[in-house]
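I have placed the structure first, in the form of structure tokens, so that the comments after it can refer back to it.
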Amino acid sequence: MVRKMGVYAVLAFCLYGLFFYWYLFQFADAAVPFEFEGSKADPITFLNGRELSLSEEYSKVRNLLFFLSTPFEWLFYFLILLFGFSKAFKRWADSSSKYKLLQTAIYLIWLSFFAFLATFPLNYISYSLSKTYHISTQPFASWMKDELIDFWLNYGTWLIIVPVLYWLMKKSQKRWWLYGWLLSIPFTLFMMFLQPVVIDPLYNDFYPLKNKELETKILALADKADIPAQHVFEVNMADKTNSLNAYVAGIGSNARIVLWDTTLNRLNDNQILFIMAHEMCHYVEKHVYFGIAGYLLLSLLGLYLTYRLMNWAVRRYGNELKITDVRDIRSLPLFFLILSMLLFAASPLTNLASRYQETRADKYAIEMTKNSEAAITSFQELTRSGLSQVNPPLLVKLFRYTHPSMLDRISMLEEYEIKHRNE
Ligand SMILES: [Zn+2]
């Protein structure tokens with residue numbers, strides 16, 4: 001039975017992979033719709049032939065990697081349970097220490113280590129692909145360092161969560177999901193508060209804008225939107241990537257707008273001001289807070305479903321999965337498996353909400369700067385620097401796109417341009 005279930009799971013993963021290979025490489029048509037041909041959103045008008053074919057190739061492989069990596073994680077956790085690895089980790093942990101907390105720490109390090117090994121090949125392929133296409137400029141050692149920071153950061157975070165989670169399960173078999181959720185609220189807020197000042201600097205250097213002339217212009221714009229000057233930062237990314245970006249992070253006194261130095265290097269002042277105005281919309285409309293609120297609401301539902309599904313799986317397949325009791329830490333891979341499935345299933349919804357905020361930010365930015373030429377060319381440059389797809393296939397858009405497609409973004413700006421041409 002166990003072997004049969006393992007074979008079926010691997011087969012299902014292969015079929016799923018083949019489906020996405022067919023969907024992305026054969027079925028999907030990346031050409032812009034007829035009515036946009038020759039418009040400023042049509043990549044033919046701003047990319048050269050080589051950039052066009054590279055962006056098509058690169059996006060297809062990247063999309064495939066994206067769709068493979070999450071279900072691969074599910075397969076990993078499933079097989080870890082099925083073939084008794086989780087049981088073995090627990091045994092090793094129990095025999096190395098008599099302290100409960102230390103046992104949990106040891107169990108978790110084994111699980112994290114195996115997960116790291118299993119997902120490493122796909123991560124490495126993704127990194128070397130982006131290097132081949134000259135998106136990433138990061139040397140292997142620096143990339144590996146980031147991977148290790150990821151590993152320890154994740155390990156540290158779960159080391160705080162997991163003991164509390166299993167303690168709650170023992171205290172209240174029926175309500176642990178609710179108590180866990182209540183505790184996750186202050187924890188999430190605390191992490192969001194710390195992120196820009198403690199976590200992000202582990203990866204990159206943050207500092208005030210270097211170009212003082214540009215800084216004056218940006219701060220004048222920020223002032224117009226009531227954003228304090230000390231909340232605008234530059235981050236050194238040129239050693240890692242050629243692509244462009246800017247974002248808003250943090251909450252409370254740590255809320256900030258961050259511009260990648262690549263963006264500052266590659267775009268002219270008016271283009272940068274448009275990007276900046278877009279970020280300012282996120283800041284003044286408090287999109288981060290709406291994001292957290294939405295995430296917390298979804299996680300209440302998610303934890304409840306996890307509770308139901310875990311009980312069901314252990315009742316029905318406890319023998320095969322080698323979990324006798326949900327409250328035993330051996331069930332942790334099942335917890336991760338269900339959580340990851342729910343997150344993936346919810347991603348079309350969370351992406352939709354994010355795209356809504358991004359559309360608002362684009363509209364705000366063009367109203368504020370009123371320079372559609374600068375706005376359109378900045379998006380064209382964004383497309384070129386990241387070799388991104390202007391018009392992604394539907395499933396890619398649903399599951400991957402936190403921003404509207406460039407087709408939508410540029411054509412919105414073009415409409416604005418046409419509307420205001422005679423004013
Ligand atoms: Zn945005």
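Filtered by the rule that a residue be part of a loop (DSSP other than H, G, I, E, B) and touching a residue at least 12 places away in the same chain (Cβ under 8 Å), the range 113-144 gives Tyr133, His134, Ile135, Thr137, Gln138. Taken as a whole, the structure places Ala361 among residues that are in a helix (DSSP H, G or I) and within 16 Å of the ligand (Cβ to nearest atom).
I'd like to check something: does the range 205-213 contain any residue that is more than 24 Å from the chain's Cα centre (by Cα), part of a helix (DSSP H, G or I), within 26 Å of Phe233 (Cα to Cα) and at pLDDT below 90? Checked against the condition, which is being more than 24 Å from the chain's Cα centre (by Cα), part of a helix (DSSP H, G or I), within 26 Å of Phe233 (Cα to Cα) and at pLDDT below 90, the range 205-213 yields at least one hit. Are there any pairs, at least 6 apart or on different chains, whose C-beta atoms fall under 9 Å, with the first in the range 242-264 and more than 18 Å from Glu358 (Cβ to Cβ) and open to solvent by 20 Å² or more (accessible area, probe 1.4 Å) and the second of a type in the set (Ser, Thr, Tyr) and within 15 Å of the ligand (Cβ to nearest atom), and if so, which? So the pair list comes out as Arg256/Tyr283.
Yes/no matrix, rows are residues, columns are (1) of a type outside the set (A, V, I, L, M); (2) more than 16 Å from the ligand (Cβ to nearest atom); (3) modelled with pLDDT under 90:
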{"site": "Asn268", "(1), (2), (3)": "yes, yes, no"}
{"site": "Ala277", "(1), (2), (3)": "no, no, no"}
{"site": "Glu285", "(1), (2), (3)": "yes, no, no"}
{"site": "Phe290", "(1), (2), (3)": "yes, no, no"}
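Looking at the range 407-414, can you tell me whether even one residue there is within 13 Å of the ligand (Cβ to nearest atom), within 20 Å of Trp260 (Cα to Cα), open to solvent by less than 60 Å² (accessible area, probe 1.4 Å) and part of a helix (DSSP H, G or I)? No; the residues of the range 407-414 include none that is within 13 Å of the ligand (Cβ to nearest atom), within 20 Å of Trp260 (Cα to Cα), open to solvent by less than 60 Å² (accessible area, probe 1.4 Å) and part of a helix (DSSP H, G or I).
In the set Phe233, Phe151, Phe193, only one residue is in contact with a Pro (Cβ under 7 Å, 6 or more places away or on another chain) and open to solvent by less than 80 Å² (accessible area, probe 1.4 Å); that residue is Phe233. Filtered by the rule that a residue be in contact (Cβ under 8 Å) with a residue 60 or more places away in the chain, more than 16 Å from the ligand (Cβ to nearest atom) and in a loop (DSSP other than H, G, I, E, B), the range 219-241 gives Ala238, Asp239, Lys240.
Within the range 119-147, the set of residues being closer than 19 Å to Ser69 by Cβ, open to solvent by 30 Å² or more (accessible area, probe 1.4 Å) and hydrophobic (A, V, I, L, M, F, W, C) comprises Phe120, Leu122, Ile125, Met144. Here is the figure for the range 382-406: residues that are over 13 Å from Glu51 (Cβ atoms), out of contact with any Pro (no Cβ under 6 Å at 6 or more places or on another chain) and not in a helix (DSSP H, G or I) total 7.
Return the pairs, sorted by first residue and then second, in which the second residue is more than 9 Å from the ligand (Cβ to nearest atom) and open to solvent by 60 Å² or more (accessible area, probe 1.4 Å), the first residue lies in the range 354-366 and is more than 17 Å from Glu414 (Cα to Cα), the beta carbons are less than 8 Å apart, and the residues are 6+ apart or on different chains. Listed pairs, sorted by first residue: Gln357/Phe290.
The values are calculated or read from the model by the stated rules, or taken from the named source; none is laboratory data. In this text the structure is predicted, and so the values were computed from the model without any measurement. Cβ atoms come from the backbone with ideal geometry, glycine included; neighbour counts cover every protein chain shown. Each accessible area value is taken on the protein alone, full model and side chains, heavy atoms only, with ligands, DNA and RNA left out. Shrake-Rupley method; radii C 1.70, N 1.55, O 1.52, S 1.80 Å.
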